[in-house]
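First up is the structure itself, then whatever we jot down about it.
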Amino acid sequence: MPLEAQDAVYVALELALAALSVTGNVLVCAAVGTSSALQTPTNYFLVSLAAADVAVGLFAIPFAVTISLGFCTDFHSCLFLACFVLVLTQSSIFSLLAVAVDRYLAVRVPLRYKSLVTGARARGVIAALWVLAFGIGLTPFLGWNDRKIATNCTEPGDAATNVSCCLIRCLFENVVPMSYMVYFNFFGCVLPPLLIMLVIYVKIFLVACRQLQRTELMDHSRTVLQREIHAAKSLALIVGIFALCWLPVHTINCASLFQPTWAKVKPKWAINTAILLSHANSAVNPIVYAYRNRDFRYTFHKIISSTPPRKKQLEKRGPPLPGSDPLPELGGDFYISPKFKFGHDAGPQSENFTKVGYVTVFLYEVK
């Protein structure tokens, strides 16, 4: 059966998003796994987010495409597929919330941050959040579903009494009630975390700006705070994109629940556009990382091309340039101009790095 033009465009865009989502987020996981500079508690939460986005590309998007082609199955198989998508969405929200709390602690209690937020604790929190996401996403299996009023049966018989052998067209509204999607999922599990994240990022910027205004602040502390503000802006951008991508779907769900007459005539293009936006969110995060984070950008480049960015061998020179820092560990005759970062061949180091303990030292030009 040939596809209509609208369906063909939808399927093509979904497949493109799936490829971008899987490729980009696998790259994020590989970057954190291979670069010691990226192995921080914050990035562990971003890996959790990337894992959910990979699953969206591998499972959720093919599921959506199959539905658009008229896929029919038994009720519980369809319910599981629908719930699995909810699990991935909830895991993404929890990962974003964990990142927001992590960044708030880094700005609010910088001296205690490293003792409070360790890699082991971050991994434990991630495991707990995934368990909670599965619990929330699979709630319809406990009975909050539309089994008794399953519609669009392809076999004769009463759907209410013969649902075990009834094949249905696998759509969200055929298996998951809008009351669950709106009251429990959106109002209870999506909107509150988004509002909490909004408050947290506002607090981060207020605290950081207030500390930057302190005249007695050391230059090093000022640099650290400015870097934290930059990181917070990047992560707040990710949260904002998440909200913009997912709110249209939830808006349509709310309209379907509160305006039943509109639900029967809602345009297919609006549904497809909202679904595409929600899936596009899974592909956009790696682009944000590459654009906003130098360490991610460097590691992405190294993984893709097997050639690290241009580097300059540190040379022994005469008098230091104004504003440069001596490196006593290398004899005190080596200097770094302010426009360069230093590190070693494994990749860029943290900007907090103050000592060089490598025989060969390279300079990385700051773009």
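The values are calculated or read from the model by the stated rules, or taken from the named source; none is laboratory data. Here the structure is a predicted model, which is why all the values come from computation and not from measurement. Quick reminder, even Gly has a Cβ in these numbers, built from the backbone with ideal geometry, and neighbours come from all protein chains shown.
What's the number of the condition Ala19 fails, among (1) crowded, with 17+ Cβ neighbours inside 10 Å; (2) farther than 27 Å from Gly124 by Cβ?
Among (1) crowded, with 17+ Cβ neighbours inside 10 Å; (2) farther than 27 Å from Gly124 by Cβ, Ala19 violates only (1).
So that you can scan it fast, the table gives a plain yes or no per residue for (1) surrounded by fewer than 20 Cβ atoms within 10 Å (Cβ to Cβ); (2) modelled with pLDDT of 85 or more:
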| position | (1), (2) |
| --- | --- |
| Ala133 | no, yes |
| Ala150 | no, no |
| Leu171 | yes, no |
| Phe187 | yes, yes |
| Pro192 | yes, yes |
| Arg222 | yes, no |
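Output the residues belonging to the stretch 41-51 that are touching a residue at least 60 places away in the same chain (Cβ under 8 Å) and either closer than 17 Å to Gly137 by Cα or surrounded by fewer than 19 Cβ atoms within 10 Å (Cβ to Cβ) (or both).
The answer is Thr42, Ser48, Leu49.
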